[in-house]
Amino acid sequence: MNVKLGFPEHLILISDFYREFLFSFLLLCSMNYLNLNIHARSRILCGWFVTSAKEIKALERRVFEENNKGKAAAIAVMDELYATDFVMHGGTESEDIHGLKNVKQSMSEYLNAFPDLHYALDDMIVEGDKVVVRCTVTGTHKGEFMGIPPTNKKVKVQAIAIDRVVGGKIVEEWGLSDTLGLMQQLGVVPTPNKGA
């Protein structure tokens, strides 16, 4: 018995043997596909858009390395490793910053205020397309920052960021840092007495 596939008879006819072979092959492929974990399946479905955990970690380490080389390197690496429509959620003033150009402007302001900014990578965890990074940021307040004139004080702040990576580029970031601790170190906010 032959089965027609909706094409004119003279174009394609599949015999019972080939139909059974094709059905068995597709069944075997689907069973193997279903046995894969969710990340492997999504990598097959999305192809090159999915970045592996190893690639994400390498990308984050590269961002840290370049940021520690100074302003020029920190800004330049953003063009290479960040998407042009990058979004930083909860930026400096708790508002989202949209677009690479605006995020670079914000980063430039930080680097003008703290030209010797240094990021120490304390921890990194990757899950799917997201990476959580915990770091210690140090620097010297040499330029105006959020309306605060330079104090020449050294600061040390803990920060945590969650980046989402697609196709080898950082597309979103959610970040939190110890802003209160920073303001206390700059002398803008009083430090509570430990004995009180």
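The figures follow:
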| read-out | value |
| --- | --- |
| Residues located in the range 56-84, provided they are touching a residue at least 12 places away in the same chain (Cβ under 8 Å), surrounded by fewer than 13 Cβ atoms within 10 Å (Cβ to Cβ) and assigned to a helix (DSSP H, G or I) | 79 |
| Flag for residue 163 being under 14 Å from residue 64 (Cα atoms), exposed (fewer than 13 other Cβ atoms within 10 Å of the Cβ) and in contact with a strand residue (DSSP E or B) (Cβ under 9 Å, 6 or more places away or on another chain) | no |
| Which listed residue is among the basic types (Lys, Arg) and farther than 23 Å from residue 85 by Cβ, from 169, 104, 154 | 154 |
| Residues that are at pLDDT 95 or above and out of contact with any Leu (no Cβ under 9 Å at 6 or more places or on another chain), drawn from the range 145-155 | 149, 150, 152, 154 |
| Among (1) in contact (Cβ under 8 Å) with a residue 60 or more places away in the chain; (2) over 12 Å from the mean Cα position of the chain (by Cα), the one test that residue 126 misses | (2) |
| Odd one out for residue 16, checked against (1) of a type in the set (D, E, K, R); (2) over 15 Å from residue 169 (Cα atoms); (3) at pLDDT 50 or above | (3) |
| Yes/no for residue 142 being over 20 Å from the mean Cα position of the chain (by Cα) and assigned to a strand (DSSP E or B) | no |
| Residue selected from the range 166-188 under the condition in a strand (DSSP E or B), of a type outside the set (Val, Ile, Thr) and touching a residue at least 60 places away in the same chain (Cβ under 8 Å), by the criterion surrounded by the fewest Cβ atoms within 10 Å (Cβ to Cβ) | 176 |
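Results for (1) among the acidic types (Asp, Glu); (2) over 13 Å from residue 170 (Cβ atoms); (3) modelled with pLDDT of 95 or more, shown as yes or no for each residue.
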| residue | (1), (2), (3) |
| --- | --- |
| 60 | yes, no, yes |
| 65 | yes, yes, yes |
| 70 | no, yes, no |
| 91 | no, yes, no |
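The values are calculated or read from the model by the stated rules, or taken from the named source; none is laboratory data. If you're wondering where the values come from, they're calculated on a predicted model, not measured in any experiment. Heads up, the Cβs are rebuilt from the backbone with ideal geometry, glycines too, and the neighbour counts pull from every protein chain shown.
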